[in-house]
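K.L.:
One structure is given below, represented as structure tokens, and several questions about it will come after.
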Amino acid sequence: MTARSATTLPDPARPDAAVQMFSTWRTGTPERRRAAVDAIAATWEKRSWPTPDLLSYNVYAATDDEDTLLHYSQWTSEAAYRAFVGTHREDRNAEIDAAVPGIERVGINSYEPYRRSELAGATGVPGCVVIVDVDVEFEGPDPQRLRDWVDGVFEALGSDAPQPGGISVNFFLAKGGARVLNYAEWTDEQAHIDAVGSPGTGVGSLTEEWRRVRQFPGVKESGFNRYRLAWSASAPATA
């Protein structure tokens, strides 16, 4: 059976997680979201862990709305994920759908890790995750331009004042060079609310570095969402 841990967030920087999968579900109501988390837990916990190549599977509830679930799984390779889809995913989703019919699965994207940094003055334990999902409008896929933009974000972060509660940023690049995802760790939701609301010194302040990030040709930021961990499971430890 699969072990459950609903309090410890995964390590987004673990070196064996070569592929990071993110997907979003809409459940419609707070009650249906709670039921979906219970159904996910029940479905996974009564089955054996499908493969050691699945390092962790984590489900987050959005704090800014009452129906969204974010699914975040860590894999050793893209091929391992595809093998799981072919052999294990359908029956699990069918059981969840039987318990909570009508879940809307918005989409799923595959990412590879690119850069990570702890924020200035980082202390504490992660209790909130902020996901910044960025689209691009290049003439075609351009992984190097994505890397250049992320490098610029890191320069801009260095121009920010230390933000109480900020722990780390973790940038992942979609295969094909069409999307960027920032998985940012914070101690709690209020710390991030305070940081983005601080005039002049908060995250994304009006510095020259942030101006270049915002005006980088072909990149548009689609906003952020805050999440708390609702359910999590990891591959069993091997002897």
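K.L.:
Distance in nm between label sites at GLN190 and LEU206, each 7 Å beyond Cα in the beta-carbon direction?
P.N.:
2.9
K.L.:
Restricting to Cα pairs below 8 Å that are 6+ residues apart, what does the relative contact order work out to for the chain? Please round to a whole percent. Don't skip to the end; give the middle numbers.
P.N.:
Numbers: 505 pairs, mean separation 71.3, N = 239.
The normalised contact order for the chain reaches 30 percent.
K.L.:
What is the distance, in nm, between label points placed 7 Å from the Cα along the Cα-to-Cβ direction at ALA79 and at ARG47?
P.N.:
2.3
K.L.:
Just add up the charged neighbours of SER77: K/R +1, D/E -1, any other residue whose Cβ is under 11 Å from the Cβ of SER77.
P.N.:
On the way: positive: ARG82; negative: ASP16, ASP53, GLU78, GLU112.
In short, -3.
K.L.:
Using a 1.4 Å probe, what is the accessible area per residue for the chain, in Å²? Before the final figure, lay out the partial values.
P.N.:
On the way: 11400 Å² over 239 residues.
I get 48 Å² per residue for this part.
K.L.:
In nm, what is the difference between 0.36 nm times the number of residues separating ASP97 and LYS175 and their Cα-Cα distance? Could the numbers behind the result be given before it?
P.N.:
On the way: separation 78, 0.36 × 78 = 28.08 nm, distance 2.93 nm.
Answer, rounded to one decimal: 25.2 nm.
K.L.:
Quick one: how many Å² of LYS175 are accessible to a 1.4 Å probe, rounded to 10?
P.N.:
Here the residue's solvent-accessible area equals roughly 100 Å².
K.L.:
With each label point set 7 Å from Cα along the Cα-Cβ vector, what nm distance links ASP16 and ALA161?
P.N.:
The answer from the label model is 4.3 nm.
K.L.:
Tally up the carbon and sulfur contribution to the accessible surface of the chain as a whole percent, 1.4 Å probe, everything protein left in place. Before the final figure, lay out each step's value.
P.N.:
Details: 5890 of 11400 Å².
That fraction is 52 percent.
K.L.:
Within 10 Å, at most 11 other Cβ atoms, and a DSSP state outside H, G, I, E, B define an exposed site. Report the longest part of the chain free of exposed GluC sites (Glu not before Pro).
P.N.:
Values: sites that count: GLU137, GLU139.
By the stated rule (loop sites, at most 11 other Cβ atoms within 10 Å), 1-136.
K.L.:
Restricting to DSSP H runs of at least four residues, report the calculated mean residue ellipticity at 222 nm for the chain, -39500 (n - 2.57) per run over all residues, nearest 500 deg cm²/dmol.
P.N.:
Details: 6 runs with 64 residues, N = 239.
Value at 222 nm, helices only, nearest 500: -8000 deg cm²/dmol.
K.L.:
Let me ask another. Can you figure out the FRET efficiency of THR29 with SER117, using R₀ = 45 Å and their beta-carbon distance, to the nearest 0.05?
P.N.:
On the way: r = 38 Å, r/R0 = 0.84.
It comes out at approximately 0.75.
The values are calculated or read from the model by the stated rules, or taken from the named source; none is laboratory data. Predicted, not measured: the structure shown is a model, and the values here were computed from it. Every residue, glycine among them, receives a Cβ derived from its backbone with ideal geometry; neighbour counts consider all protein chains shown. To get the accessible areas, we keep the full protein, side chains included, count just its heavy atoms, and leave off ligands, DNA and RNA. Shrake-Rupley method; radii C 1.70, N 1.55, O 1.52, S 1.80 Å.
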